[in-house]
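The values are calculated or read from the model by the stated rules, or taken from the named source; none is laboratory data. Keep in mind that what you see is a predicted model, and the values were worked out from it rather than measured. When we count neighbours, we look across all protein chains shown, and the Cβ atoms used for this are built from the backbone with ideal geometry, even at glycine.
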Amino acid sequence: MRRAVAEVGSNDKDRNFVTALARGLDILRCFGPSDEYLGNAELAKRTSIPRPTVSRMTATLTQLGYLRYVPQLEKYRLGPGVLDLGYRYLASEGVRDLARPYMQELADATDCMVAIGAPDGAQVTYIQVCQGNGPLVLRLDIGSRVPMATSALGRAFLAATPASEREMYYEQIRSQDPANWPAIERSLQEAYKEYEEFGFCTSDGEWNRDVSGVAVPLILDGGAQVVPFNCGGSSLRLSRRTLIENLGPRLKDVVGQVAQMVQGRSEA
């Protein structure tokens with residue numbers, strides 16, 4: 001039995017220590033490659049947290065998306081919220097800084113917006129943005145969100161994500177728009193075919209009729225981490241042909257350069 005994180009620093013003198021938060025993180029730390037599914041009894045034993053408290057914690061973590069409940073097993077597994085935090089951390093730790101000069105060069109050359117995104121449930125949040133100077137440049141800032149299923153950015157992320165992990169994001173998308181899920185799923189399958197053919201995904205006025213774009217995933221650690229990049233702007237000037245023949249290949253070059261930089265830094 002290991003010592004619960006909640007016991008560390010939780011004395012009366014440390015008034016800044018939040019025991020409930022520490023216990024929640026302790027529960028999440030129990031999950032690993034060899035412990036994909038755990039029940040409340042197992043979590044209580046491993047953390048030394050009382051089982052009624054564990055039950056309340058897992059219920060809360062499930063509602064927030066950090067755990068998923070599997071009714072057939074009556075156990076929990078890590079949810080997309082944990083993965084999303086990991087992707088945000090990865091992208092913020094160096095990739096954004098390494099990529100920015102290449103992104104800005106492409107934005108200036110194409111008068112488009114070039115961005116990096118991180119998954120956020122059924123959406124993707126921009127964590128780096130470079131703008132061109134043209135009058136029809138898409139103006140979105142860091143922190144802006146776009147739909148996972150209908151944006152090029154989200155589609156590229158899903159296309160490069162292992163199929164076994166996509167279901168966690170599908171659940172979030174379905175819950176937001178259950179009536180349109182069949183059509184959304186078909187569009188995603190088409191996006192995956194597009195990715196297999198071209199190495200990128202497009203969205204031509206689908207999440208916003210005035211916006212078109214193309215996205216390429218940066219795949220790291222043998223596929224364990226996916227960081228999507230996109231290049232887009234006004235659909236008035238970006239035809240599908242432009243996306244396929246011009247912006248897509250150019251963005252692939254940018255992502256390839258960033259991948260080389262990341263690899264070189266890791267080998268240094």
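Tell me, which strands (runs of 3 or more DSSP E) lie completely within the stretch 139-253 with 2 or more residues that are over 30 Å from Arg68 (Cβ atoms), more than 20 Å from the chain's Cα centre (by Cα) and in the same structural domain as Val124 (by TED's automatic domain parsing)? I'd like the intermediate steps shown before the answer.
Details: elements: 145-147, 201-204, 211-220, 225-234.
Qualifying strands (runs of 3 or more DSSP E): 211-220, 225-234.
Run Asp221 past the list (1) surrounded by 23 or more Cβ atoms within 10 Å (Cβ to Cβ); (2) at positive phi and report the number of the one that doesn't hold.
Single failed check for Asp221: (1).
From the list Ser144, Ser151, which one is surrounded by fewer than 20 Cβ atoms within 10 Å (Cβ to Cβ) and at pLDDT 85 or above?
On the way: Ser151 fails: surrounded by fewer than 20 Cβ atoms within 10 Å (Cβ to Cβ).
The match here is Ser144.
I'm told Gly117 meets every condition in (1) modelled with pLDDT under 80; (2) under 21 Å from Asp253 (Cβ atoms); (3) under 10 Å from the mean Cα position of the chain (by Cα); (4) of a type outside the set (S, T, N, Q) except one. Can you identify the failing condition by its number?
(1)
Considering only residues that are in a loop (DSSP other than H, G, I, E, B) and within 29 Å of Arg166 (Cβ to Cβ), which ones fall in the stretch 35-73? Spell out the reasoning first.
Here is the first cut: in the stretch 35-73, the residues in a loop (DSSP other than H, G, I, E, B) are 36-37, 39, 48-50, 64-66, 71-73.
Correct list: Glu36, Tyr37, Gly39, Leu64, Gly65, Tyr66, Pro71, Gln72, Leu73.
I'm checking my understanding of the structure. Among residues of the stretch 129-141 that are under 20 Å from Val95 (Cα atoms) and modelled with pLDDT under 90, which one is surrounded by the most Cβ atoms within 10 Å (Cβ to Cβ)?
Applying the first criterion (under 20 Å from Val95 (Cα atoms)) to the stretch 129-141 yields 129-131, 140-141.
Right, trim to modelled with pLDDT under 90 and you get 140-141.
On the way: Leu140: 16, Asp141: 9.
This residue is Leu140.
Taking Met103, is it closer than 28 Å to Arg237 by Cβ and part of a helix (DSSP H, G or I)? Spell out the reasoning first.
On the way: closer than 28 Å to Arg237 by Cβ: yes; part of a helix (DSSP H, G or I): yes.
So Met103 passes the test.
Working carefully through the options Thr58, Thr53, Thr47, find the one that is among the polar types (S, T, N, Q) and in contact with a strand residue (DSSP E or B) (Cβ under 7 Å, 6 or more places away or on another chain). Break it down into steps so the answer makes sense when it comes.
Values: Thr53 fails: in contact with a strand residue (DSSP E or B) (Cβ under 7 Å, 6 or more places away or on another chain); Thr47 fails: in contact with a strand residue (DSSP E or B) (Cβ under 7 Å, 6 or more places away or on another chain).
On inspection, the qualifying residue turns out to be Thr58.
Being within 26 Å of Gln123 (Cα to Cα), in a loop (DSSP other than H, G, I, E, B) and not charged (D, E, K, R) is the requirement here; does Gly24 meet it?
Values: within 26 Å of Gln123 (Cα to Cα): yes; in a loop (DSSP other than H, G, I, E, B): no; not charged (D, E, K, R): yes.
Here the answer is no, as Gly24 does not meet what is asked.
What residue, among those in the stretch 79-100 that are surrounded by fewer than 20 Cβ atoms within 10 Å (Cβ to Cβ) and either among the small types (Gly, Ala, Ser) or not in a helix (DSSP H, G or I) (or both), is modelled with the highest pLDDT?
Gly94
Restricting to the stretch 21-69, give me the number of residues that are touching a helix residue (DSSP H, G or I) at 6+ places or on another chain (Cβ under 7 Å), closer than 16 Å to Val82 by Cβ and of a type in the set (Ser, Thr, Tyr).
Residues meeting the conditions: 3.
If the Cβ limit is 6 Å and pairs must be 6+ apart or interchain, which residue in the stretch 69-93 that is among the hydroxyl-bearing types (Ser, Thr, Tyr) pairs with which residue that is at pLDDT below 90?
Within 6 Å, the pairs are Tyr87/Ala118; Tyr87/Pro119.
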